[in-house]
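Have a look at the structure below before the remarks.
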Amino acid sequence: MTAPATLTVDLNALARNFHALAAISGAPVHPVVKADGYGLGAVACAMRLMTEGARTLFVARATEGLALRAALGAEPVIYVLDGCHGETASALKAANLRPVLNHPVQKQAWDAIGGGACGIQIDTGMNRLGYRIEDAPEPFAGLELVMSHLACSDDPAEPMNRRQRDAFAAVAGRYPGATRSFANSGGCFLGQDFGFDAVRPGICLYGGGPEGRPNARIAPVATLTAEVLQVRNVPAGESVGYSRGFVADTPRRIATCAAGYADGVLRSYSPRGEVWAHGALRPIVGRVSMDVIAIDIADAEIRVGDRVELFGARRLLDDAARAAGTISYELLTSITARVPRVYVG
Ligand SMILES: *Cc1c(COP(=O)(O)O)cnc(C)c1O
């Protein structure tokens, strides 16, 4: 039985994106699998990426790292972007996880439990996490990775990209022997001089374009489908859904589909959202409710039990995100635990 709302994950497409990103950036890919692999399932994605050759993974939280270590075993190197403080330092060390140290207090916490393999993040202008360049630490034992993060990589014309890249190249030179990692997904497309020793893509592995729109070199990976629960005729003048969010000016045929905000279909999908159904994009009408959406199916022969696609190969993720007033990252990470992840490939 296929669940009413299902997220299908094409692991072959994930693998293709992994290899494409290595070719485009000219550097080994160290996948970012934080936030449960951008909602697709970190364990399943990481296992496939390791089969494809990935040896180093990035997560954001210590808890994500601990869960992955338990599921994946001893092999992959796992960096925790949050770094560590008092309690997490010993938990990370016990699980052979590597913190990315962002400031002196984190380094003190790591040193206090004896240190060991870790990374540092240098802030080259984003002002989010990491040491300011003038405060960057001296090289120290255990330092395996030096990294920084681009603020505007989704906009290749933004001059800040190259400023950050050049600043990173200069500061990373102080740490001979450490792996230098700079580029996220967008950075992979900015030129091979952004690749350094390893790239850290997330969204492009999972099928989002590097610039917030579909990119021909990135394959769709995730498909969100919903089952049609009911098809009805709505006479002119009647309304659909909560608060009369849609009023039919002419007679309409409406399919009620099993996906709502409790599945991660953001309320902002209305009023501009569309789904792919029976060979065409069709508008979501009225409000997104907790469990269902309503689709105007015109005269299409859509029946109860058919499935509609909210995003996937025919309704591309970035287009769905734009219609919902958000970005691919948020669409994927909003899919809730109620939606089973089904792996193919
Ligand atoms: C999330 C994250 C990435 C991955 O970014 P994408 O834009 O998804 O490729 C890389 N590096 C850091 C520090 C991050 O926080």
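Spin-label point model (7 Å from Cα, Cβ direction): what's the Ile133 to Gln192 distance in nm?
Simple spin-label model gives 2.6 nm for this pair.
Residues with amide H under 5 Å of Tyr343's amide H, sequence separation 5 or more or different chain, H placed in the peptide plane at 1.01 Å from N; which?
Val9
Can you compute the label reach from Ala67? Point 7 Å from Cα along the Cβ direction, backbone N cut-off under 13 Å, restricted to the range 35-61.
Output list for this probe position: 35-46, 59-61.
Ignoring ligands and nucleic acids, what accessible area does Leu316 show with a 1.4 Å probe (Å², nearest 10)?
Result for Leu316: roughly 60 Å² accessible.
Count charges around Arg244 for me, please; just the other residues with Cβ under 10 Å from its Cβ, Lys/Arg as +1, Asp/Glu as -1.
Cβ neighbours under 10 Å give a net charge of 0.
Can you pull the Kirkwood radius for the chain, inverse mean 1/r over Cα pairs, to one decimal in Å?
21.5
State the answer as a single residue: which of Gly142, Ala178, Thr2 lies farthest towards the positive end of the charge dipole of the chain, with beta carbon charges of +1 for Lys and Arg and -1 for Asp and Glu, about the Cα centre.
Thr2
Quick check: Cα centre of the range 205-236 to Cα centre of the range 27-84, how many Å?
The range 205-236 and the range 27-84 have Cα centres spaced 26 Å from each other.
Please compute the length gained on full extension between Tyr343 and Gln108, using 0.36 nm multiplied by the number of residues separating them and subtracting their Cα-Cα distance.
So the chain would gain 80.4 nm between Tyr343 and Gln108.
Given a 1.4 Å probe and heavy atoms of the protein chains only, how would you sort Asp154, Asp296, largest accessible area at the top?
Asp154, Asp296
Positive end of the dipole of the range 222-344, charges at C-beta (+1 Lys, Arg; -1 Asp, Glu), about the Cα centre: which of Ile297, Leu316, Gly237 has its Cα farthest in that direction?
Most positive-ward Cα: Gly237.
Modelled label-to-label distance, Ser90 and Val43, 7 Å Cα→beta-carbon offset: nm?
Here the answer is 2.7 nm between the modelled labels.
Report the gain in length on full extension from Val304 to Ile327: 0.36 nm times residue separation, minus Cα-Cα distance, nm rounded to one decimal.
Taking 0.36 nm per residue and subtracting the Cα distance, the gain is 5.2 nm.
The values are calculated or read from the model by the stated rules, or taken from the named source; none is laboratory data. Quantities reported herein were computed from a predicted structural model and do not represent experimental measurements. Here Cβ is always computed from backbone atoms with ideal geometry, including for glycine, and neighbour counts include all displayed protein chains. Quick note on the areas: whole protein, heavy atoms, side chains included, nothing else; ligands and nucleic acids left out. Shrake-Rupley method; radii C 1.70, N 1.55, O 1.52, S 1.80 Å.
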